[in-house]
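Asks: Following this message is one structure expressed as structure tokens.
The values are calculated or read from the model by the stated rules, or taken from the named source; none is laboratory data. Everything numeric in this text was worked out from a predicted model, so none of it was measured. Note that each Cβ is placed from the backbone with ideal geometry, even for glycine, and that neighbours are counted across all protein chains shown.
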Amino acid sequence: MKDIHIKDNKGQVDHPSVTISRKKGEITWFAHGESGATITFSSPDGSPFKESVFTVPATGSVSSGPVKKSAGLKTYKYTVVGKGGSTDPVVIIDN
């Protein structure tokens, strides 16, 4: 499992690129401060996880769940939207 910390209300994260295993991969996003964030996999490639939208509560966390068996071995772009802006990090799925 990989932890990704949302550093501010502009959606900045501490790991703009993270590689996880298709077999055992999972991410937990953590929000710090008084505002949460929304994680959205909205590119044409979709989400490597069952869900494509994750809501991270203020000072809380949310887990992605396991990587879908049908997820391709490739890079998935997602958007982190905070109160003050957004960023577009990536998740790389490998064996």
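Asks: Check whether at least one residue in region 18-25 is more than 19 Å from residue 2 (Cβ to Cβ) and outside any strand (DSSP E or B), and report yes or no.
Replies: no
Asks: Name the residues in region 34-51 that are among the small types (Gly, Ala, Ser) and more than 14 Å from residue 89 (Cβ to Cβ), would you?
Replies: Answer for region 34-51, where residues must be among the small types (Gly, Ala, Ser) and more than 14 Å from residue 89 (Cβ to Cβ): 35, 36, 46.
Asks: Please go through region 26-43 and give me each residue that is assigned to a loop (DSSP other than H, G, I, E, B) and at pLDDT 95 or above, ordered by number.
Replies: Within region 26-43, 26, 41 qualify.
Asks: Residue 60: touching a residue at least 24 places away in the same chain (Cβ under 8 Å) and in contact with a Gly (Cβ under 9 Å, 6 or more places away or on another chain), yes or no?
Replies: Yes, satisfied.
Asks: Just to be sure, is residue 85 within 15 Å of residue 16 (Cβ to Cβ) and either more than 14 Å from the chain's Cα centre (by Cα) or without any contact (Cβ under 8 Å) to a residue 12 or more places away in the chain (or both)?
Replies: So residue 85 passes the test.
Asks: Return the pairs, sorted by first residue and then second, in which the second residue is among the hydroxyl-bearing types (Ser, Thr, Tyr) and assigned to a loop (DSSP other than H, G, I, E, B), the first residue lies in region 10-24 and is closer than 15 Å to residue 81 by Cα and without any contact (Cβ under 8 Å) to a residue 24 or more places away in the chain, the beta carbons are less than 9 Å apart, and the residues are 6+ apart or on different chains.
Replies: Pairs found: none.
Asks: Restricting to region 16-33, count the residues that are of a type outside the set (Gly, Ala, Ser) and closer than 13 Å to residue 88 by Cβ.
Replies: The number of residues fulfilling the criteria is 1.
Asks: State the number of residues belonging to region 44-57 that are within 21 Å of residue 5 (Cβ to Cβ), in contact (Cβ under 8 Å) with a residue 24 or more places away in the chain and surrounded by fewer than 19 Cβ atoms within 10 Å (Cβ to Cβ).
Replies: Final tally of qualifying residues: 1.
Asks: When the residues of region 67-95 are narrowed to those that are assigned to a strand (DSSP E or B) and out of contact with any Asp or Glu (no Cβ under 9 Å at 6 or more places or on another chain), which ends up farthest from residue 35 (Cα to Cα)?
Replies: So, considering only residues that are assigned to a strand (DSSP E or B) and out of contact with any Asp or Glu (no Cβ under 9 Å at 6 or more places or on another chain), the one farthest from residue 35 (Cα to Cα) is 94.
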